[in-house]
Amino acid sequence: MLAYAPRAQRRRLNPPALVLIVAAHAAALVAVMSARMNVPEIPKEPPIFVDSIKLPPEPTPPKPPENTNPAPKPVYSTPQPLVPLPPLPGPVVEPLPQPQPGPAVGIGTGPVPIPVPAPIVRKGPRFAISPDAVRPPYPDAMRAAEKEAVLRLKLSIDERGRVVAVEPVGKAEPAFLAAARRHILRAWRYSPAMEGDRAIASTTVITLEFRLDS
């Protein structure tokens, strides 16, 4: 069985209310338009153009501190030539030769010994005058002044045993040196130095005293 419900009646708007609604909407629209027109326009800034960007220069590295106290340069001295000392008077004896081994005893032949040359014997010069001719004359000026002296003299002797040069070793009074040199060159003789069987030139150092009581 079908039932029908009563249909609700629609509410109709009267014309004055409709006019009020339309007027309200128009007022609202005018207010919105006025608000948009009253908003100040924000000025636009001109665009910024960048040609190039210059980077700051790189910092210069600091210079190393100068050494105000340089190391001293080494100073090299010139080597001085060695002066050979004069040989001491008297004979120079060479060491004895070592004994050579004899022939090997046994079966077969042993090693052949190598001959060793005999050493050369050197002898220094020897005084060869009488004691009376040794002492040189005393200088008269030094005797009058009662002066004495001790001289060290280097004598050069040739192959014949003659004194060919007299040089002082250290300080020497000129008067005493002249008297000693004159007498030694004239009167002194030596047996020459020997090297094996051969006479050779040599030198020797002597001490000569001038004493008033002798």
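Enumerate the pairs (first residue in segment 162-188 and in contact (Cβ under 8 Å) with a residue 40 or more places away in the chain; second residue anywhere and among the β-branched types (Val, Ile, Thr)) with beta-carbon separation below 8 Å, excluding pairs fewer than 6 apart on the same chain, so at least 6 apart or on different chains.
These pairs meet every condition: 180/166; 184/163; 184/166; 187/129; 188/129; 188/134; 188/163.
Return the residue satisfying two criteria in turn: it lies in segment 143-186 and is within 45 Å of the chain's Cα centre (by Cα) and of a type in the set (Lys, Arg), and of such residues it is farthest from residue 207 (Cα to Cα).
Only one residue fits best here, namely 171.
Taking segment 122-160, which residues are at pLDDT below 90 and in a helix (DSSP H, G or I)?
Within segment 122-160, 131, 132, 133 meet the criteria.
Go through the residues of segment 187-208 one by one and say whether even a single one is part of a helix (DSSP H, G or I), surrounded by 13 or more Cβ atoms within 10 Å (Cβ to Cβ) and touching an Asp or Glu at 6+ places or on another chain (Cβ under 9 Å).
For segment 187-208, residues part of a helix (DSSP H, G or I), surrounded by 13 or more Cβ atoms within 10 Å (Cβ to Cβ) and touching an Asp or Glu at 6+ places or on another chain (Cβ under 9 Å): absent.
The values are calculated or read from the model by the stated rules, or taken from the named source; none is laboratory data. Everything numeric here is computed off the predicted structure, so don't read it as measured data. Because the Cβ atoms are built from the backbone with ideal geometry, glycine has one as well, and the counts that use them run over all protein chains shown.
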